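Written out below as structure tokens is the structure these notes cover.
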Amino acid sequence: MDLVPVAIWILLGMAGLVFAVKVLYGISIALVLPMTQGALYVSTARARVAAMLEAVAPEPGQVLVDLGCGDGRVLRCASRRYRVRAQGYELNPLAYLKARLLSVGYADVAIHRKNFWKVDLSSADVICCYLFPDVMTRLAGKLKDELKPGATVVSCNFPLPGFHPDSVLRPGGRRRNDPVYIYRILAPGAPRP
């Protein structure tokens, strides 16, 4: 048996598989484009997730919500390290399936294939998001209307218009020095510390 033709078939099969996954990724983005307004599923680096959760340090039993949770890594990390009740919302079907599969065995992690604009966030203690700037103004209004005093918002890369960050992290060294904005929701009329 000649190994060269076998190796060629294996390489062609692997290339076909990679191509098929890329096509599925493109289709999954196109399916939800009207709702996501162009936001793509991009995984957040584990070091960045750990740094932002460490800065927020949610209490066991608190509710952490990830808006556009992608593969659910923020939810799983928060559940594992901080024992929170973690809820994620993801519209991209491929990212949703990946998040569901990777979260099997995490009793306190719930992944919803639902538009977070239609969800009441008033029970959330911590909100995480990595969304495009063009939706941040609308999100700021939703968070102002729904979040309770004492809630925390973590926004990767893009600030929330009209909010004043309590801190800005730059985890990840020189190559990935994108900001992470952390906001605390104050009671109406409360002075900022």
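Taking amide H positions as modeled 1.01 Å from N, with prolines and chain starts lacking one, the residues under 5 Å from LEU186 and 5 or more places away or on another chain are GLY150. Note on the range 94-162: Cα-Cα pairs beyond 19 Å make up 43% of the total pair count.
May I ask which of LYS98/LYS144; LYS22/LYS98; LYS114/LYS148 have a Cα-Cα span longer than 20 Å here? From the list (LYS98/LYS144; LYS22/LYS98; LYS114/LYS148), the Cα-Cα distance tops 20 Å for LYS98/LYS144; LYS114/LYS148.
Couplings 3J(HN,Hα) for the range 72-87, derived from phi with the Karplus relation 6.51 cos²θ - 1.76 cosθ + 1.60 (θ = phi - 60°), are x, 5, 5, 5, 5, 5, 5, 5, 5, 7, 10, 6, 8, 8, 9, 10 Hz, where x marks Gly and Pro.
Amide H to amide H distances under 5 Å link GLY88 with ASP66, ALA110, ILE111, HIS112, where only residues 5 or more positions off or on other chains count and H is placed in the peptide plane. Peptides 68-78, 122-132, 7-17, 98-108 ordered by packing proxy, namely the average of other Cβ atoms within 10 Å per residue, highest first: 68-78, 122-132, 98-108, 7-17.
Read the figures in this text as sums done on the coordinates, not as results from a lab. All values reported here derive from a predicted model rather than from experimental measurement. FYI the Cβ positions are ideal-geometry reconstructions off the backbone, even for glycines, and counts take in every protein chain you see.
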